Structures are given as C-alpha cells and as structure tokens.
Amino acid sequence: QVQLVESGGGLVQPGGSLRLSCVASGSIFSMYAMAWFRQVQGKQRELVAVVTSGGGTSYVDSVKGRFTISRDNATVYLQMNSLKPENTGVYSCHVVGTTYWGKGTLVSVSS
C-alpha cells in the first residue's frame with residue numbers, strides 16, 4: 001500500500017521561504033511523476049508543480065522562478081522562496097495518474 005506523508009508547512013512572513021517534503025512508502029514512487037497541489041478552503045485544488053520520473057519539471061506560471069520541485073529516492077520536495085500571501089493553502093503531494101494523495105501540510109503566509 002502506498003502512503004504519502006507531507007511535512008514542512010508553517011507560518012511564514014511574506015518574502016520568506018519554506019521547504020516541503022513528501023515521503024512516499026511503497027515501490028511505486030520511482031515509476032511515476034509526482035506533483036504538488038495547493039488547496040484553499042472553498043476552492044478547487046490547483047496544480048503547483050510536477051516532477052517526472054526522469055527529473056523533468058514544470059510549474060504553474062505564478063510560482064515560476066520562486067518554487068523548485070525535486071525528488072530524491074522516496075522523497076519529493078518543494079522549495080518555496082519569496083512567498084506571497086496568495087501562496088497560502090494546504091499543500092498535498094500526489095502520484096500522477098493514480099488515486100494516491102497525501103493528507104497535506106498547511107502553509108500560511110502572513111505578516
């Protein structure tokens with residue numbers, strides 16, 4: 001059974017940085033692309049960044065140049081720099097093309 005556990009969220013001031021981690025159990029991890037999504041209460045979950053099994057990356061326009069997604073063994077990371085209040089939300093990791101989701105970690109950007 002695959003489990004995804006996120007960590008690294010918290011409260012940070014605008015302009016600050018956070019590094020999110022998602023640890024995946026199970027052998028599925030290396031075969032699939034992994035993604036980070038953000039959800040704000042009352043709104044649909046939105047894609048933030050994707051990293052392929054080969055390490056290729058893509059980002060939503062609003063975070064390009066500020067966020068970096070990467071993966072290493074059984075962990076996928078999201079380095080978030082120059083954070084803005086609009087980056088606030090619950091960040092979840094996802095195994096692309098499957099029904100596997102983590103429970104998420106809350107990021108709050110506020111002064």
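The values are calculated or read from the model by the stated rules, or taken from the named source; none is laboratory data. Keep in mind that what you see is a predicted model, and the values were worked out from it rather than measured. All Cβ positions, glycine included, derive from the backbone under ideal geometry; neighbour counts span all protein chains shown. The accessibility values were calculated without ligands, DNA or RNA, using every heavy atom of the protein model including side chains. Shrake-Rupley method; radii C 1.70, N 1.55, O 1.52, S 1.80 Å.
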Solvent exposure, largest accessible area first (probe 1.4 Å, DNA, RNA and ligands not counted), of Leu106, Leu47: Leu106, Leu47
Amide proton proximity set for Ser53, modelled H, under 5 Å, gap of 5+: Ala33
Within-14-Å neighbourhood charge of Val51 [Cβ basis; K, R +1; D, E -1]: 0
Charge dipole (debye, nearest 20) of the range 24-111; +1 at Cβ of Lys and Arg, -1 at Cβ of Asp and Glu: 120
Table column - 3J(HN,Hα) (Hz), the range 46-61, Karplus curve with 6.51, -1.76, 1.60, x for Gly and Pro: 10, 6, 9, 7, 10, 10, 7, 5, x, x, x, 10, 8, 9, 5, 4
Mean accessible surface per residue for the chain, computed with a 1.4 Å probe while every protein chain stays in place, in Å²: 54
